[in-house]
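J.: The structure follows.
The values are calculated or read from the model by the stated rules, or taken from the named source; none is laboratory data. Quantities reported herein were computed from a predicted structural model and do not represent experimental measurements. Positions of Cβ are generated from backbone atoms using ideal geometry, with glycine treated the same way; all protein chains shown enter the neighbour counts.
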Ligand code: AMP
């Protein structure tokens, strides 16, 4: 059965899409730790980054670099934190999170409650910065 992220790629489930190419896809995390929190994923399903083919993994990182640099242009932060967890969704994804302190990467913190309008706005800003 397709993962929830594959269903997002296929347009069955809505998302705030930032970008895609033939192999990779980026969209806003729906329960963000920070404004601009984005997920980058391979289109080909794989459940664990450390088991990806080298070429696919390097492509994913290069794609994440492009997206992270765009986020950094439009969200005020010290840098973009990258993390891989994958305990919730078994489809490889890298979290890109604007951070100012180590605690901003703490996933046990309460998530932000952003409105649809706020998510749409930050999505458009990041897209424009690409
Ligand atoms: P994890 O697998 O632990 O890295 O967490 C999965 C992440 O995916 C969480 O940060 C969720 O908020 C996010 N997520 C789950 N479902 C969706 C969705 N439909 N759209 C956007 N983000 C999602």
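Table: residues versus (1) under 25 Å from residue 10 (Cβ atoms); (2) modelled with pLDDT of 95 or more; (3) in contact with a helix residue (DSSP H, G or I) (Cβ under 8 Å, 6 or more places away or on another chain).
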| position | (1), (2), (3) |
| --- | --- |
| 42 | yes, yes, yes |
| 55 | yes, yes, no |
| 79 | no, yes, yes |
| 89 | yes, yes, yes |
| 92 | yes, yes, yes |
| 95 | yes, yes, no |
| 99 | no, yes, yes |
| 112 | no, yes, no |
| 130 | yes, yes, yes |
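J.: Out of the residues in region 77-93 meeting the condition of being exposed (fewer than 15 other Cβ atoms within 10 Å of the Cβ), more than 13 Å from the chain's Cα centre (by Cα) and touching a residue at least 12 places away in the same chain (Cβ under 8 Å), tell me which one is nearest to the ligand (Cβ to nearest atom).
T.: Here the residue is 90.
J.: Going by the conditions given, is residue 53 out of contact with any strand residue (DSSP E or B) (no Cβ under 7 Å at 6 or more places or on another chain), without any contact (Cβ under 8 Å) to a residue 24 or more places away in the chain, over 22 Å from residue 128 (Cα atoms) and within 11 Å of the ligand (Cβ to nearest atom)?
T.: Judged against the criteria, residue 53 is not a match.
J.: Check 61, 67, 71 and return the single one that is touching a helix residue (DSSP H, G or I) at 6+ places or on another chain (Cβ under 7 Å), assigned to a helix (DSSP H, G or I) and more than 10 Å from the ligand (Cβ to nearest atom). If you could, list the steps in order and put the result at the bottom.
T.: Numbers: 61 fails: touching a helix residue (DSSP H, G or I) at 6+ places or on another chain (Cβ under 7 Å); 67 fails: touching a helix residue (DSSP H, G or I) at 6+ places or on another chain (Cβ under 7 Å).
Going through 61, 67, 71 in turn, the sole match is 71.
J.: Taking the condition of being within 13 Å of the ligand (Cβ to nearest atom), touching a residue at least 12 places away in the same chain (Cβ under 8 Å) and not in a helix (DSSP H, G or I), how many residues in region 94-119 meet it?
T.: The number of residues fulfilling the criteria is 10.
J.: Within region 19-34, restricting attention to residues that are assigned to a loop (DSSP other than H, G, I, E, B) and buried (at least 20 other Cβ atoms within 10 Å of the Cβ), which residue is nearest to the ligand (Cβ to nearest atom)? Show your work before the answer.
T.: Going through region 19-34, the residues assigned to a loop (DSSP other than H, G, I, E, B) turn out to be 21-23, 29-34.
Next, from what is left, pick out any that are buried (at least 20 other Cβ atoms within 10 Å of the Cβ): 29, 32-34.
On the way: 29: 5, 32: 7, 33: 8, 34: 11 Å.
Here the answer is 29.
J.: Now for a different question. Restricting to region 31-50, count the residues that are in contact (Cβ under 8 Å) with a residue 60 or more places away in the chain and in contact with a strand residue (DSSP E or B) (Cβ under 9 Å, 6 or more places away or on another chain).
T.: 7
J.: Right, something else. What's the number of the only condition in (1) free of Cβ contacts under 8 Å to residues at least 60 places away in the same chain; (2) surrounded by 19 or more Cβ atoms within 10 Å (Cβ to Cβ); (3) in a helix (DSSP H, G or I); (4) within 14 Å of the ligand (Cβ to nearest atom) that residue 5 fails to meet?
T.: Every condition holds for residue 5 apart from (1).
J.: Go through (1) within 15 Å of the ligand (Cβ to nearest atom); (2) more than 23 Å from residue 7 (Cα to Cα); (3) modelled with pLDDT of 95 or more for residue 122 and report which single condition fails.
T.: Answer for residue 122: the failing condition is (2).
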